[in-house]
Amino acid sequence: MRVLSIVGARPQFVKLAPIAHALAAAGHEHVIVHTGQHYDAKMSDVFFTDLGIPTPDVHLGVGSGSHGVQTGSMLTQLDAVLDEHDPDWVLVYGDTNSTIAGALSAVKLHYPLAHLEAGLRSFNRRMPEEHNRVLTDHAADLCLAPTEVAMGHLAAEGLAERSTLTGDVMTDVCLKVAAEATADALPFAGDVGDDFFLATLHRAENTDDPARLRAIVEGLAALPHPVVLTAHPRLVAKAKEQGLDLTVGSLHTIEPMEYPTMVAAVKAARAVVTDSGGLQKEAFLLRTPCTTVRTETEWTETVDLGWNVLALDLDRLAELVARPAPEPTDATPYGDGHAAEATVAALAERVRPRS
Ligand code: UD1
């Protein structure tokens, strides 16, 4: 079987790692296409190095741009790439502009399309990620769902027959990296000590809304312990535009971290504050309480189990983040750490005979 993965943004590199390893272990061919949506070394290259992912076979180098420009630039290049490699499956990941571009290109050229992390829904139609995931699920021949909740959403949209439950590949990589983590001091320990909050912020609905961004930054700055804020380039650019200082009060802003350092930091943090999807789950897997600065979440299991709270009232952000720890749980809504093997098996079982 020949699988062609299309990735472009940081969370997709994390998901690609266990898939690349599982495909290699089962002796399948794997072609990796990097769209270039994320291009800073700290947003891209370090993930390939740290997670042992083979160098991409193709790099489209699209860079930044409006949604149309970024997606269109990928589309203009992908047709030739797919035809050259003639895969049994095109595999797209998550919910970015690289996902929708890969999906459109594959279906138009009649290559079988599989969507990893299918069935997630925020039901917020203003999020670019929601457009990308809904459209990709409906284009896909195979929807690879990480959770029962995701399977339910796919069934509700008439996609049950094309869907299968694999578990979440982020669990595979998070648990593996956490188990291998060495006891090295965190790079910021000298500045903040070992009692800190960890924060990330990058979604357009937060960074591009000046009132929301200001309220979040003020809430974080008011926390009673240092807040290590790992700043995504979008946040840095928008804060600068809006004249916001990311070093006030408790804030200690640093560049994006490598994945193994991030996992160690999540584990060590008193609590996490984020608008990232992946980080909400990683916090849950490593049993660090999380506060999500969004009005909804796709990962409802983390909320139902008490480990994640949505910050609906940003004026109360500091109070909410400093809440007492939740009840312990041994629930495993995101699988047992073998989702990548299940994904490869699901693809291999459904390879179409070549005419
Ligand atoms: C994208 C995804 C989002 C995912 C996130 C993870 C879409 C619509 N959004 O959001 O689903 O959760 O990645 O990070 O695809 N930039 C750099 N260097 C980089 C990358 C980006 O400076 O390496 C800057 C550029 O100014 C760019 C901005 O960050 O315009 C935003 O990047 P973009 O790819 O548009 O979306 P993300 O916010 O990263």
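Results, tabulated for the structure shown:
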read-out	value
Yes/no for VAL303 being assigned by TED's automatic domain parsing to the domain that holds GLU148, β-branched (Val, Ile, Thr) and either more than 15 Å from the chain's Cα centre (by Cα) or within 24 Å of TYR259 (Cα to Cα) (or both)	no
Among the residues listed as ALA265, ALA269, the single one being under 23 Å from ALA178 (Cβ atoms), out of contact with any helix residue (DSSP H, G or I) (no Cβ under 9 Å at 6 or more places or on another chain) and open to solvent by less than 20 Å² (accessible area, probe 1.4 Å)	ALA265
THR253 being within 13 Å of the ligand (Cβ to nearest atom), touching a strand residue (DSSP E or B) at 6+ places or on another chain (Cβ under 9 Å) and either without any contact (Cβ under 8 Å) to a residue 60 or more places away in the chain or in a loop (DSSP other than H, G, I, E, B) (or both)	no
Any hit, the range 73-86, residues being over 22 Å from LYS108 (Cβ atoms) and of a type in the set (Gly, Ala, Ser)	no
Residues (touching a strand residue (DSSP E or B) at 6+ places or on another chain (Cβ under 6 Å) and surrounded by fewer than 20 Cβ atoms within 10 Å (Cβ to Cβ)) located in the range 227-246	ALA231, LEU246
Boolean, THR136 is of a type in the set (S, T, N, Q), assigned to a helix (DSSP H, G or I) and more than 16 Å from the ligand (Cβ to nearest atom)	no
Number of the exception - TYR259 against (1) open to solvent by less than 20 Å² (accessible area, probe 1.4 Å); (2) closer than 22 Å to VAL321 by Cβ; (3) within 16 Å of the ligand (Cβ to nearest atom)	(2)
Residue within the range 309-330 that is in contact (Cβ under 8 Å) with a residue 60 or more places away in the chain, open to solvent by 30 Å² or more (accessible area, probe 1.4 Å) and in contact with a Phe, Trp or Tyr (Cβ under 8 Å, 6 or more places away or on another chain) present	no
Filter pass, ASN97 being open to solvent by less than 30 Å² (accessible area, probe 1.4 Å) and free of Cβ contacts under 8 Å to residues at least 40 places away in the same chain	no
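The values are calculated or read from the model by the stated rules, or taken from the named source; none is laboratory data. Owing to the predicted nature of the structure, the values given are computational and were not obtained by experimental measurement. Cβ sites come from the backbone with ideal geometry, for glycine too, and all protein chains shown count toward neighbours. Only protein heavy atoms, including side chains, enter the accessible area calculation; ligands, DNA and RNA are left aside. Shrake-Rupley method; radii C 1.70, N 1.55, O 1.52, S 1.80 Å.
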